[in-house]
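Please read the structure below before turning to the comments.
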Amino acid sequence: MEKGKIIFLNGTSSSGKSSLAIKIQEVSAEKFYHVQLDTFCDMLHEKYFDNDSANTENLVAAIMHNFVLALCKNGENVIVDTVIENHHENWLKECVELLYDMPVTFVKVNCPLHELERRELERGDRNIGQAKGQLSNMNFNDIYDLEVNTYENSTEECVRIIKNEMKLENEQNAFIKIYEKYRKHS
């Protein structure tokens, strides 16, 4: 069975990841599942996050990462929409260990702080300052297949860039490079 493709979007809250994922689904001839950590967190009552937030969040992330692997192994295409901050580097390590031999396109979704703050206010469903905190806390990894900027480019332009750069099975990708980096340091 052919493996599904994975588009792995990493960026701060309000950077435009969900808009990109929805537009990719809309314009693609192929079916893509849109997988977000928030969806998996919403499966649990908030009391579990109140009592042991870090461990609960790590467990939920691991379940999501394994879900993505299962979809991909079953030939399903996936868009992962996530925020991997410095203190969650273990999530990236886990992802590359699970997915390094899958056709993953690792995309950094950029947006300048002034626009992130404007979007937070406009949306009204975000903690003000969340994106600023995340932006200053996402600098542990600089290996990506590509970067898009949702402020400088329209959603349609960013999607076109992503689709043109999508990795194929057995093609060298950022996850392979990160996997090799972690293996050297272990």
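Things worth noting here:
- Over all other residues within a Cβ to Cβ distance under 14 Å of Glu89, the charged ones net out to -3, with Lys and Arg as +1 and Asp and Glu as -1.
- Comparing Gly75, Asn51, Leu92 along the charge dipole axis of the range 17-132, the residue lying farthest to the positive side is Gly75, per the Cβ-charge model.
- Of the trypsin sites (Lys or Arg not before Pro) found in the range 1-97, the ones in coil according to DSSP and having at most 16 other Cβ atoms within 10 Å of their Cβ are Lys31.
- Helix-only arithmetic for the chain: the sum of -39500 (n - 2.57) across DSSP H runs with n ≥ 4, divided by the residue total, places the mean residue ellipticity at 222 nm at -15000 deg cm²/dmol.
- Mean projected area in nm² (Cα convex hull; one quarter of hull surface) for the chain: 10.8 nm²
- Cβ crowding within 10 Å, taken as a proxy for footprinting-reagent exposure, orders Phe8, Phe49, Phe140 from fewest neighbours to most as Phe140, Phe49, Phe8.
- Only Cα pairs under 8 Å and 6+ residues apart enter the sum, and on that basis the relative contact order of the range 46-129 stands at 21 percent.
- Span-like helix criteria (full DSSP H runs; alpha carbon extent of at least 27 Å along the helix axis; mean Kyte-Doolittle hydropathy of at least 0.0) are satisfied in the chain by 47-73.
- Using a cutoff of 8 angstrom between alpha carbon atoms and counting only pairs six or more residues apart, the relative contact order for the chain works out to 33 percent.
- Charge dipole magnitude, Cβ of K and R +1, D and E -1 - the range 41-186, Cα centre, debye nearest 20: 280 debye
- Based on the reciprocal of the average 1/r between different C-alpha atoms, the Kirkwood radius for the range 109-186 equals 14.9 Å.
Any read-out appearing in this document is the output of simple, stated calculations on the displayed coordinates, not a laboratory observation. This one's a predicted model, so the numbers in the text were calculated from it and none came from an experiment. Virtual Cβ from ideal backbone geometry, glycine too; neighbours counted across all protein chains shown.
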